[in-house]
1. So which residues in the stretch 264-275 are under 19 Å from residue 224 (Cβ atoms) and open to solvent by less than 20 Å² (accessible area, probe 1.4 Å), if there are any at all?
2. With the requirement that a residue be surrounded by 22 or more Cβ atoms within 10 Å (Cβ to Cβ), within 19 Å of residue 238 (Cβ to Cβ) and not polar (S, T, N, Q), what does the stretch 251-263 give you?
3. Looking only at the stretch 288-299, count how many residues are free of Cβ contacts under 8 Å to residues at least 60 places away in the same chain and open to solvent by less than 70 Å² (accessible area, probe 1.4 Å).
4. Within the stretch 72-87, is even one residue aliphatic (A, V, I, L, M), open to solvent by 10 Å² or more (accessible area, probe 1.4 Å) and over 24 Å from residue 143 (Cα atoms)?
5. Can you work out which of the residues in the stretch 66-111 that are among the basic types (Lys, Arg) and part of a loop (DSSP other than H, G, I, E, B) is farthest from residue 242 (Cα to Cα)?
6. Which condition does residue 154 not pass, out of (1) within 20 Å of residue 241 (Cα to Cα); (2) at pLDDT below 95; (3) open to solvent by 10 Å² or more (accessible area, probe 1.4 Å), if it passes all the others?
Amino acid sequence: MEKKVDLSVNIAGISLKNPVIAASGTFGFGREYSSYFDLSRLGGIAVKGLTLRPRKGNPPPRIAETPAGILNSVGLQNPGVHAFIRDEIPFLRRYDTAIIANASGNTVEEYEEMVRILSDADVDAIELNLSCPNVKEGCMVFGSSASGIAQVVSRARKLCRKPLIVKLTPNVTDICELARAAEAAGADAVSLINTLLGMAIDARTRRPVLGNITGGLSGPAVKPIALRMVYEVSRAVKIPVIGMGGITTGTDVVEFLLAGASAVMIGTAGFVNPYAWVEAIDGLETYMLENGVRSVSELIGGLIV
């Protein structure tokens, strides 16, 4: 049957069949979720955050449930970039979906090396993680200031031969300043928001619930903040914005598109419902059919104020 609506989008030269991307950190490398649905349904997959060498992550406990969300302090546990290229890309290439490699580093030089390695790999884009709140070095050191972002992105840009996405932290006074710095330094797109820094305390033991004391808050609780930041950033820069934060349904996707996002990432919702991504895609399509919207492009930035 001929499609009645056009779900496709283009982000910095990357063609996606629909605007729904699996967010980095919550989807691993897709293997677990592939037993639930065909990964080819997705517009893209942003893989688990990668580092130069394997990383064990933070001490447990590393996950804590909160009202309408979770706190995590996983700390970028991953097998390292070379193991990803060797073991995970061949698996992901079985599916018709874009692969976005999420890269982290402790120093500017490590970010440069990550970008150099991944530019030679079979991935469609590189997402620079400048916003993870669960590691004591690297990400947040650079990502919390415009000057830090400008330094990392400008140097990575010289080596990067793939579309370059910069993932921004919400744990700052003015996220628009950071987005403008990323754009000026050569980013092709920005993604936001990463998790909000929070903590949980066990009143009985009088101790922090998480082994790392603090962690990143995600889930529906952060959606209003994420929507506001996507709205502001989309008006502060000319490059595409990929929105994330508390997205659970197709209606949530529509709201982020109206706020100015050109695509979205869904993460935490998948812990509750492993079909969250495909249900959101179906929900978006249903909304478009019911409201006479022929193309996703008609929704992007369409908020009436």
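The values are calculated or read from the model by the stated rules, or taken from the named source; none is laboratory data. Values in this document were obtained by computation on a predicted structure and should not be read as measured data. Heads up, the Cβs are rebuilt from the backbone with ideal geometry, glycines too, and the neighbour counts pull from every protein chain shown. Remember, those area values only see protein heavy atoms, side chains included, never the ligands or the DNA or RNA. Shrake-Rupley method; radii C 1.70, N 1.55, O 1.52, S 1.80 Å.
1. Of everything in the stretch 264-275, those that are under 19 Å from residue 224 (Cβ atoms) and open to solvent by less than 20 Å² (accessible area, probe 1.4 Å) turn out to be 264, 265, 266, 267, 269.
2. Result: 256, 257, 259, 260, 261, 263.
3. 2
4. Yes; the residues of the stretch 72-87 include at least one that is aliphatic (A, V, I, L, M), open to solvent by 10 Å² or more (accessible area, probe 1.4 Å) and over 24 Å from residue 143 (Cα atoms).
5. 94
6. Unmet condition: (2).
The rows are residues; the columns are (1) charged (D, E, K, R); (2) buried (at least 18 other Cβ atoms within 10 Å of the Cβ); (3) free of Cβ contacts under 8 Å to residues at least 12 places away in the same chain.
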position	(1), (2), (3)
166	no, yes, no
175	no, yes, no
182	no, yes, no
195	no, yes, no
214	no, no, no
227	no, yes, no
235	yes, no, no
